[in-house]
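Below you'll find the structure, written out as structure tokens, and then a few comments.
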Amino acid sequence: MMRYHLRRILADIGLFWRHQMSLVVFFAGQMTAAGKVPPAKVLVIGTGVAGLAAVQTAKNMGAVVRAFDVRPVTKEQVEAMGGQFLEVDFEEDGSGAGGYAKEMSAEWHAAAAEMLSKQCEEVDIIITTALIPGRTAPVMITKEMVAKMKSGSVTVDLAAENGGNVETTVADQKIVTDNGVTCLGYTDLPSRLPTTSSSLYANNISKFLLSTGPQTTKEAGYYFIDHEDEAVRGMLVLEEGKMMFPAPLPPAPPSTPGDEKKEVEEIAIDYRAPFVDGAKSVGYASTAILAMGACAPNPAFSSMFTTFALSNVIGVQVVLGVSHALHSPLMAVTNAISGTTALGGMHLLAHSNSAATTLLGALATSLSTVNIVGGFIVTTKMLDMFKRPDDPPEYYHLYGIPAATTLALYTAGAASGKFPEIHASSATLASLLCIGGIGGLASQSTARLGAVSGQTGVALGVASTLGHLNPSMGATAAIAGWMGLGGLAGHYIGNRVEPTSLPQTVAAFHSLVGLAASSAAIGDYINAPDATQLDSVHLASVYLATVIGSVTFTGSLVAFGKLDGRLDSAPLQLQGRDQINMGLGAATLGAGAVVMGAPELGTGLAALGGALGTSGVLGWHMTASIGGADMPVVITVLNSYSGWALCAEGFMLDMPILTTVGALIGCSGAALTKIMCDAMNRDIVSVILGGFGTKATGTGEAMEFSGEATMTNVDDTVKLLTEAEKIIIVPGYGLAVAKGQYPLKDMVEMLMQKGKTVRFAIHPVAGRMPGQLNVLLAEAGVPYDIVEEMEEINDDFPETDVVLVIGANDTVNSAAEDDPNSQIAGMPVLRVWNAKQVIVMKRSLAAGYAGVDNPVFIKDNTDMLLGDAKATCEELASGVKEFYGK
């Protein structure tokens with residue numbers, strides 16, 4: 001019964017406030033046109049049977065509940081009911097015999113008084129139930145504490161019969177203090193319940209009778225049943241002995257010409273269409289593969305094409321299995337592996353017949369080694385960030401034993417000259433290890449093993465190439481020297497890279513691969529004994545490696561400039577943009593036609609140089625014409641380009657390892673590009689050609705959202721966070737720029753220690769490259785198991801108390817779903833606006849990278865907390881720490 005008594009008491013308190021106070025307070029928070037009314041804060045002292053009943057009842061009525069007890073064992077019960085358990089900064093267990101509390105020390109009472117005094121300044125209702133068997137009830141709330149309470153607050157002393165826990169309590173009386181606090185000291189609460197129920201029932205009956213008679217006619221002594229009153233007529237059963245129930249249905253509203261129901265045409269679903277499309281795709285692919293076989297000039301081409309096709313299938317399967325959280329390490333690994341363009345440079349240095357060839361070989365070798373060393377260092381750094389303090393020890397260095405043994409066995413076999421096919425088997429093993437390097441990124445538990453596999457694969461690939469080439473001592477020294485120089489540069493760059501600069505670093509590495517591929521292709525063409533005798537496969541490979549490498553080089557440089565802030569992120573909008581691209585493309589193809597004619601070296605070199613120049617300008621112009629918001633897609637496209645350039649080198653040099661690794665990287669970039677485009681609802685052709693909008697963007701004018709954003713401050717935000725039970729944090733690139741992840745991690749750690757459920761929601765295109773925010777949070781030590789992807793968490797926002805958006809804009813923009821004419825229409829976004837309360841932390845109210853206004857900023861349940869993300873996160877962490885007394 002105690003639960004019902006408490007509910008009645010709390011309801012009475014609510015009624016008292018509604019009628020007696022000029023300041024309206026509700027148990028549950030209210031959202032009105034006049035603004036927001038926060039929920040009432042209830043403090044329950046003593047969490048025995050009565051106290052827990054009070055906690056549950058107040059929580060069910062929508063209040064923010066805090067509870068305090070000398071017995072720490074009750075903490076779990078309070079938190080299970082959704083309450084916050086207050087703790088004294090003084091260690092002493094108050095558990096006594098039979099589950100009751102015992103008398104505490106004077107030191108503990110002093111610490112408790114300090115804590116409760118602070119709570120009295122904040123709460124609206126205090127309910128006390130603290131009792132000690134055989135003793136007078138301890139005074140927990142002094143007169144001085146009551147004096148600090150806000151006017152209109154209420155204390156309910158359920159220990160009044162034993163002297164009371166509140167010093168101002170008067171047994172069996174209700175008093176109001178000088179500062180307007182109502183103190184209830186009733187000792188006969190059970191006997192009051194029937195009277196209260198009867199009074200409420202009598203009040204309902206009298207109101208009904210008044211509404212049917214005198215209140216209707218406004219004439220004293222004249223009783224009249226108003227049949228026109230829908231409520232009265234609906235409850236009328238008998239009138240003067242005549243059956244009046246049920247009431248007649250109200251007349252239907254008159255119809256208008258526009259109200260006629262339109263026949264809805266049933267949409268027929270063509271179940272056959274997908275199968276037809278699938279059959280066509282299979283037919284086209286099969287025909288194309290057979291056509292390649294029919295046109296194959298020699299068995300070597302057929303063998304290489306088989307390697308290429310199978311590598312593509314394997315690459316797609318491996319890359320799609322990579323965890324979303326590890327997409328940034330994936331980009332770094334593929335960057336490092338794409339440095340196998342060094343094998344082409346090694347070919348040139350080993351068999352050079354001119355200074356130009358040697359220079360191009362040195363350039364390709366050194367630049368590629370920068371990628372290999374720098375890429376693997378960046379990969380290792382990123383994966384180490386995901387380590388947790390409680391992870392078991394790792395001994396990946398032990399894999400160095402079989403790696404060294406394999407290299408030693410290969411060296412011995414190659415040196416003996418008795419095993420001519422050992423070079424091919426070594427290259428095959430290197431290819432498999434590179435595939436394993438990417439496959440290992442499928443989960444956190446195997447990611448670092450994948451990095452070791454990739455490093456071993458590249459090392460074995462270099463070793464097998466050296467053994468196959470069998471260069472002179474001078475050439476070997478040159479290869480070692482240039483690779484050593486590139487390795488030093490890569491080591492320097494890799495160790496300086498921070499998570500915030502990952503996107504531009506990846507773009508810069510792509511440019512090196514592109515330049516290395518073009519250099520190796522041109523050098524191979526110059527080094528040919530007779531350019532007119534080169535077959536069509538070789539010529540096509542030289543041309544494609546040159547063109548793709550050039551597009552990758554210039555495009556990556558522009559992407560680097562935009563991401564690093566050295567170039568304007570806005571798209572370059574030259575007049576006749578499409579015509580310029582078409583002209584450059586036609587010139588590049590025309591030069592390719594000349595190269596494919598197997599002309600003399602001078603003519604072919606001029607055509608190849610022309611293709612190099614026009615494709616380079618095309619890569620520069622196309623990337624410059626793409627806005628900064630699409631740079632994440634550009635990076636993945638360029639990553640794919642570097643892979644296809646490597647494939648062309650593989651055909652050119654007849655090296656299956658380059659074809660395999662190139663297809664792997666090409667598929668990796670293509671798969672990531674698809675993931676990014678799907679996440680933005682963009683069409684890849686539209687992105688590459690600098691188009692605006694999404695696939696769902698309409699042709700009309702975008703909606704204009706009117707309203708004024710509501711501002712908040714750090715103190716109010718701290719209150720929201722400490723009173724919430726479920727919190728989701730949505731980080732964006734603004735957090736990365738401000739480097740606010742460290743204080744954010746400290747705040748999250750404190751909230752989780754207090755029993756809050758805190759999670760992070762990551763959008764696929766958050767940041768400037770796939771997975772960047774995952775790495776950023778891992779760097780600060782945020783456990784990766786509380787970091788969830790959009791698909792995993794989007795349905796949880798309606799059950800979330802507070803969402804904290806930090807530096808994100810476009811990825812939480814509701815216009816994507818509400819405005820069909822928005823530039824981001826149809827883009828999947830995190831539906832933060834469905835949460836009970838949203839706090840958006842930004843520097844200003846400016847639009848996001850896509851340049852689209854965000855209506856979430858002006859929604860009723862959104863408050864803006866403007867300022868630097870790092871400084872604000874530090875203030876929030878400090879506020880939470882102070883609140884919990886740490």
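The values are calculated or read from the model by the stated rules, or taken from the named source; none is laboratory data. All figures in this text were calculated on a predicted structure; none of them were measured in a lab. Cβ coordinates were reconstructed from backbone atoms using ideal geometry, including for glycine residues, and neighbour counts include every protein chain displayed. Protein only, heavy atoms only, side chains kept; ligands, DNA and RNA dropped before computing areas. Shrake-Rupley method; radii C 1.70, N 1.55, O 1.52, S 1.80 Å.
Just a few scattered comments:
- Verdict on Asn335 being assigned to a helix (DSSP H, G or I) and either closer than 24 Å to Leu653 by Cα or touching a helix residue (DSSP H, G or I) at 6+ places or on another chain (Cβ under 6 Å) (or both): yes
- Selection from the range 536-549 of residues that are among the polar types (S, T, N, Q) and open to solvent by less than 40 Å² (accessible area, probe 1.4 Å): Ser541, Thr546
- Number of the exception - Val156 against (1) within 14 Å of Ala50 (Cβ to Cβ); (2) part of a loop (DSSP other than H, G, I, E, B); (3) of a type outside the set (Phe, Trp, Tyr): (2)
- Residue match in the range 202-216 (condition: loosely packed, with under 15 Cβ neighbours inside 10 Å, closer than 25 Å to Ser153 by Cβ and modelled with pLDDT under 75): no
- Residue check, Arg448 among the basic types (Lys, Arg), touching a residue at least 40 places away in the same chain (Cβ under 8 Å) and open to solvent by less than 50 Å² (accessible area, probe 1.4 Å): yes
- Residues in the range 815-829 that are surrounded by 24 or more Cβ atoms within 10 Å (Cβ to Cβ) and either at pLDDT 80 or above or on the phi > 0 side of the Ramachandran plot (or both): 4 in all.
- Flag: Thr456 does not match the condition of being part of a helix (DSSP H, G or I), open to solvent by less than 60 Å² (accessible area, probe 1.4 Å), at pLDDT below 90 and β-branched (Val, Ile, Thr).
- All positions within the range 508-533 that are over 20 Å from Gly643 (Cβ atoms), open to solvent by 30 Å² or more (accessible area, probe 1.4 Å) and either of a type in the set (A, V, I, L, M) or within 40 Å of the chain's Cα centre (by Cα) (or both): Ile526
- Considering Lys745, Lys739, the condition of being of a type in the set (Lys, Arg), surrounded by fewer than 24 Cβ atoms within 10 Å (Cβ to Cβ) and touching a Gly at 6+ places or on another chain (Cβ under 7 Å) is satisfied by Lys745 alone.
- Output for the range 810-831, where each listed residue is assigned to a loop (DSSP other than H, G, I, E, B) and hydrophobic (A, V, I, L, M, F, W, C): Ile824, Ala825, Met827, Val829, Leu830
- Any hit, the range 869-878, residues being aliphatic (A, V, I, L, M), open to solvent by 20 Å² or more (accessible area, probe 1.4 Å) and out of contact with any strand residue (DSSP E or B) (no Cβ under 6 Å at 6 or more places or on another chain): yes
- Members of the range 792-809 found to be out of contact with any helix residue (DSSP H, G or I) (no Cβ under 7 Å at 6 or more places or on another chain), buried (at least 22 other Cβ atoms within 10 Å of the Cβ) and not in a loop (DSSP other than H, G, I, E, B), listed by number: Leu804
- Matching option when the condition is of a type outside the set (Phe, Trp, Tyr), part of a helix (DSSP H, G or I) and either open to solvent by less than 10 Å² (accessible area, probe 1.4 Å) or farther than 25 Å from Ile337 by Cβ (or both), among Thr500, Thr505, Thr552: Thr552
- For the range 285-320, the set of residues classified as open to solvent by less than 40 Å² (accessible area, probe 1.4 Å) and either under 37 Å from the mean Cα position of the chain (by Cα) or touching a residue at least 60 places away in the same chain (Cβ under 8 Å) (or both) consists of Phe301, Met304, Thr307, Ala309, Ser311, Asn312, Gly315, Val318, Val319, listed by residue number.
- Residues being open to solvent by less than 10 Å² (accessible area, probe 1.4 Å) and aliphatic (A, V, I, L, M) - total across the range 459-474: 1
- Pairs where the first residue, in the range 118-134, is more than 12 Å from Thr155 (Cβ to Cβ) and touching a residue at least 12 places away in the same chain (Cβ under 8 Å) and the second is part of a strand (DSSP E or B) and open to solvent by 10 Å² or more (accessible area, probe 1.4 Å), C-beta under 7 Å, 6+ apart: Glu122/Lys41; Ala130/Ala101; Ile132/Ala101
- Listed here are the helices (runs of 4 or more DSSP H) enclosed by the range 221-326 that have at least 2 residues being at pLDDT below 80: 230-235.
- Residue count for the range 748-781, restricted to those that are buried (at least 20 other Cβ atoms within 10 Å of the Cβ), among the β-branched types (Val, Ile, Thr) and more than 13 Å from the chain's Cα centre (by Cα): 2
- Among the residues of the range 78-99, just one is polar (S, T, N, Q) and modelled with pLDDT of 75 or more, namely Gln84.
- Restricting attention to the range 721-757, the residues that are touching a strand residue (DSSP E or B) at 6+ places or on another chain (Cβ under 8 Å) and outside any loop (DSSP other than H, G, I, E, B) add up to 17.
- The single condition from (1) assigned to a helix (DSSP H, G or I); (2) at pLDDT 90 or above that Pro632 fails is (2).
- The range 131-144, subset out of contact with any helix residue (DSSP H, G or I) (no Cβ under 8 Å at 6 or more places or on another chain) and either among the hydrophobic types (A, V, I, L, M, F, W, C) or at positive phi (or both), residue surrounded by the fewest Cβ atoms within 10 Å (Cβ to Cβ): Gly134
- Considering residues of the range 765-814 that are at pLDDT below 85 and among the acidic types (Asp, Glu) only, the residue nearest to Val730 (Cα to Cα): Asp810
- In this structure, Lys148 qualifies as of a type outside the set (A, V, I, L, M, F, W, C), in contact with a Ser or Thr (Cβ under 8 Å, 6 or more places away or on another chain) and surrounded by 13 or more Cβ atoms within 10 Å (Cβ to Cβ).
- Within the range 728-746, residues that are without any contact (Cβ under 8 Å) to a residue 12 or more places away in the chain reach no partner that is open to solvent by 50 Å² or more (accessible area, probe 1.4 Å) and not charged (D, E, K, R) with beta carbons closer than 9 Å at six or more positions or on different chains.
- When Lys118, Lys75, Lys102 are screened for being surrounded by fewer than 18 Cβ atoms within 10 Å (Cβ to Cβ) and at pLDDT 85 or above, only Lys118 passes.
- From Val633, Val617, residue being crowded, with 23+ Cβ neighbours inside 10 Å, under 30 Å from Gln823 (Cβ atoms) and in contact with a helix residue (DSSP H, G or I) (Cβ under 7 Å, 6 or more places away or on another chain): Val633
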